[in-house]
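A short write-up of the structure that comes next.
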Amino acid sequence: LFIAENQCIRRNSCNVAETLSDFTGLFQRLLGDNIELQISVDPDLWLVRGNVRELDNILVPLVVNARDAMRRGGTLRIKAHNVSMGTDPQSIIFGSDYVLIEVSDDGVGIPEDIRERVFEPFVSGKEADGWGLAMVYHAVNNLNGRISFESEAGRGTTFRIILGRHWEPSR
């Protein structure tokens, strides 16, 4: 069990594909009419360790940040796929299989002067400063995951979240 905000959160397996499907309506409302949402998920996406609330703490702030970066419109792409140790050298982080979630926008990008500190509290390229990506970083780390990003001025940002595959105990 993990205690947060006076609630017990049972860490079981979480179905990222179902969660993304359930959140599609919310994401579309957050993005508005001038941003296209594209979601792509492996057909046999593995389960990850965690729960829907923890994924919400990761995905919603990334969607809101992407929206803010695309004030003139654009496309937000969310992709989730399986990565096996044998197919990606980065998978050595977990020593096994994981699910990779990519959140990409074609917005203004993260200003170069804050890229090294983007996961610190109160660091933002927006007018409204706050916890933003620091909370996302914390949520990913609570799941023993990793988060990284690439950004280019005027071309957008891609966040990559890797979460370890949840293995059901054999009975």
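The values are calculated or read from the model by the stated rules, or taken from the named source; none is laboratory data. These numbers were taken from a predicted model, which means no experiment stands behind them. Virtual Cβ from ideal backbone geometry, glycine too; neighbours counted across all protein chains shown. These accessible areas exclude ligands, DNA and RNA; they are computed on the full protein's heavy atoms, side chains included. Shrake-Rupley method; radii C 1.70, N 1.55, O 1.52, S 1.80 Å.
Points to keep in mind about this one:
- Residues satisfying the stated conditions in the stretch 8-20, i.e. exposed (fewer than 14 other Cβ atoms within 10 Å of the Cβ) and farther than 21 Å from Tyr98 by Cα: Cys8
- Scanning the stretch 148-171 for residues that are at pLDDT 90 or above, touching a Phe, Trp or Tyr at 6+ places or on another chain (Cβ under 8 Å) and crowded, with 20+ Cβ neighbours inside 10 Å yields Thr157, Phe159, Ile162, Leu163.
- For the stretch 84-120, a tally of residues being at pLDDT below 80 and either assigned to a loop (DSSP other than H, G, I, E, B) or under 13 Å from the mean Cα position of the chain (by Cα) (or both) returns 7.
- Candidate set: the stretch 63-83, residues that are touching a Ser or Thr at 6+ places or on another chain (Cβ under 9 Å), in a helix (DSSP H, G or I) and of a type in the set (A, V, I, L, M); chosen: the one least open to solvent (accessible area, probe 1.4 Å): Ala66
- Within the stretch 21-37, residues that are charged (D, E, K, R) reach partners that are open to solvent by less than 60 Å² (accessible area, probe 1.4 Å) and in a strand (DSSP E or B) with beta carbons closer than 9 Å, at six or more positions or on different chains, in the pairs Glu36/Gly74; Glu36/Thr75; Glu36/Leu76.
- Selection count where residues are in a loop (DSSP other than H, G, I, E, B) and farther than 24 Å from Asp97 by Cβ, scope the stretch 21-62: 3
- Subset of the stretch 35-62 (residues that are modelled with pLDDT of 95 or more, more than 23 Å from Arg146 (Cβ to Cβ) and either under 14 Å from the mean Cα position of the chain (by Cα) or open to solvent by 60 Å² or more (accessible area, probe 1.4 Å) (or both)): Glu36, Gln38
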